[in-house]
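Structure record follows, encoded as structure tokens.
The values are calculated or read from the model by the stated rules, or taken from the named source; none is laboratory data. Just so it is clear, the structure is predicted and the values come from calculations on it, not from any experiment. Because the Cβ atoms are built from the backbone with ideal geometry, glycine has one as well, and the counts that use them run over all protein chains shown.
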Amino acid sequence: MLKSYQARLDHGQVKWLGEQPNVESARVIVTILQESGPRMKRKPPTIHCR
């Protein structure tokens, strides 16, 4: 079964950002997401009614 967890990699150390996997040993797939400045919140489009 595949389950996703969020973590941050700081100087080679994994820092979990929420729930941690409850396993002693496991095979993992790592996807690196580049951080590019602060995240911007999206606003829904403004709808003008006449």
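Based on this model, can you work out whether Q6 counts as free of Cβ contacts under 8 Å to residues at least 12 places away in the same chain and within 19 Å of the chain's Cα centre (by Cα)?
Details: free of Cβ contacts under 8 Å to residues at least 12 places away in the same chain: no; within 19 Å of the chain's Cα centre (by Cα): yes.
Criteria not met by Q6.
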Open item on the list: Quick check on my filter: what residues within region 1-11 are exposed (fewer than 10 other Cβ atoms within 10 Å of the Cβ) and not in a loop (DSSP other than H, G, I, E, B)?
Closed with: D10
TODO: For A26, state whether it is surrounded by 10 or more Cβ atoms within 10 Å (Cβ to Cβ) and either at negative phi or modelled with pLDDT under 85 (or both).
DONE: no
Open item on the list: Here are the criteria: (1) under 11 Å from the mean Cα position of the chain (by Cα); (2) loosely packed, with under 10 Cβ neighbours inside 10 Å. Tell me which single one R42 does not satisfy.
Closed with: (1)
Open item on the list: Can you list residue pairs whose Cβ atoms sit under 8 Å apart, with the first residue in region 12-31 being assigned to a loop (DSSP other than H, G, I, E, B) and the second being surrounded by 10 or more Cβ atoms within 10 Å (Cβ to Cβ) and among the aliphatic types (A, V, I, L, M)? Count only pairs 6 or more apart in sequence or on different chains.
Closed with: L17/A7
